[in-house]
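What follows is a set of notes on a single structure, which appears directly below.
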Amino acid sequence: MTEKKTQDCMVCGQGLKYLTLPIPAVCTYCGKEEEGYFICLSGHYVCEGCHGKDSLEIITQFCLTSKSTNPLEMANTIMNHPKIHMIGPEHHPMIAGVLMAGYRNLTGKVGDDEIREAIKRGATIPAGYCGFYGTDGAAIACGIAISVILKATPLSDTERIMANVMTSRALSAIASYRGARCCKRSTWVALETAVEYIREVLKVKMEYIPAAELKCTHSHRNTHCNQMDCRFYIIG
Ligand SMILES: [Zn+2]
Ligand SMILES: [Zn+2]
């Protein structure tokens, strides 16, 4: 089979149809039969397992070995990897992973097991969650990182509240942007919010990229780029 595409249809690179009700679909790669919301114009369908396989390995390896204390910088490095897709649910485990890695590298209070756990939970957030469920997975990923850092469970008091406040702050920031979803934009907005929140409530000062320097280098491969409606878009 030819090399996987990293924008639009993974099989042929054509645009995808986004359905409001799923239809029966068969994964081109593994043959899994399930209901799908994203079908390409030629009828290709790729299940989430096959879509995220390479990405998850790249994200996990990077987050376990990076020495960076700057989650935005780490996310940019991962997103620039030639095998990472323009759009896709792998952004969710990536966000949880880089926050954990930055926190570990600065405090030493979490280890490989916690980083793997956050990535594993992030990877369970389905594709298209922002549009279909009204909650952007990038925001949930930030809540996951706080939950793992604080060892929250459903019975926790303050820790559970803090994880939920994290998600709500990131979600509110993401929801303030117009137009179609963009996984790059949601990633940057969520991570900015998370770095700020962690500074505020945990007093851990991870580094960040100043807003004026955070610019998008991916718009040319985003079929649905919001261009002038996006603060990360480079004009001209
Ligand atoms: Zn296709
Ligand atoms: Zn598959």
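What follows draws every value from the coordinates through simple rules; no lab data is involved. All values derive from a computational prediction rather than experimental measurement. Cβ coordinates were reconstructed from backbone atoms using ideal geometry, including for glycine residues, and neighbour counts include every protein chain displayed.
At-a-glance table
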read-out	value
Estimated vicinal HN-Hα couplings, Hz - region 218-226 in sequence order (Karplus 6.51, -1.76, 1.60; Gly, Pro = x)	10, 4, 5, 10, 10, 4, 10, 4, 8
Summed side-chain charge close to Asp113 - residues other than Asp113 whose Cβ falls under 15 Å, Lys, Arg +1, Asp, Glu -1	+3
Extension gain (nm, one decimal) between Lys32 and Asp54, 0.36 nm per residue minus Cα-Cα	6.1 nm
The chain: most fluctuating residue of Gly52, Gly97, Gly36 per GNM, C-alpha cutoff 10 Å	Gly36
Rg/Rh ratio calculated on Cα atoms of region 1-46 (Kirkwood radius)	0.95
Kirkwood hydrodynamic radius over Cα pairs of region 52-229, then Stokes diffusion coefficient at 25 °C and 0.890 mPa s, in µm²/s	154
Neighbour net charge for Gly179 - beta-carbon separation under 15 angstrom, K R +1, D E -1	+3
Other-chain or far-sequence residues with amide H under 5 Å of Lys17's (modelled H)	Ile39, Cys40, Leu41
Whole-Hz couplings from phi, Karplus 6.51/-1.76/1.60, listed for region 161-166; x for Gly and Pro	4, 4, 5, 5, 5, 4
Cross-link pairs beyond the 30 Å C-alpha cut-off, checked among Lys17/Lys67; Lys109/Lys215; Lys17/Lys215; Lys17/Lys120; Lys32/Lys67	Lys17/Lys67; Lys109/Lys215; Lys32/Lys67
Residue-wise HN-Hα coupling along region 144-149, computed from phi with Karplus coefficients 6.51, -1.76, 1.60 (Hz; x: Gly, Pro)	4, 4, 5, 4, 5, 4
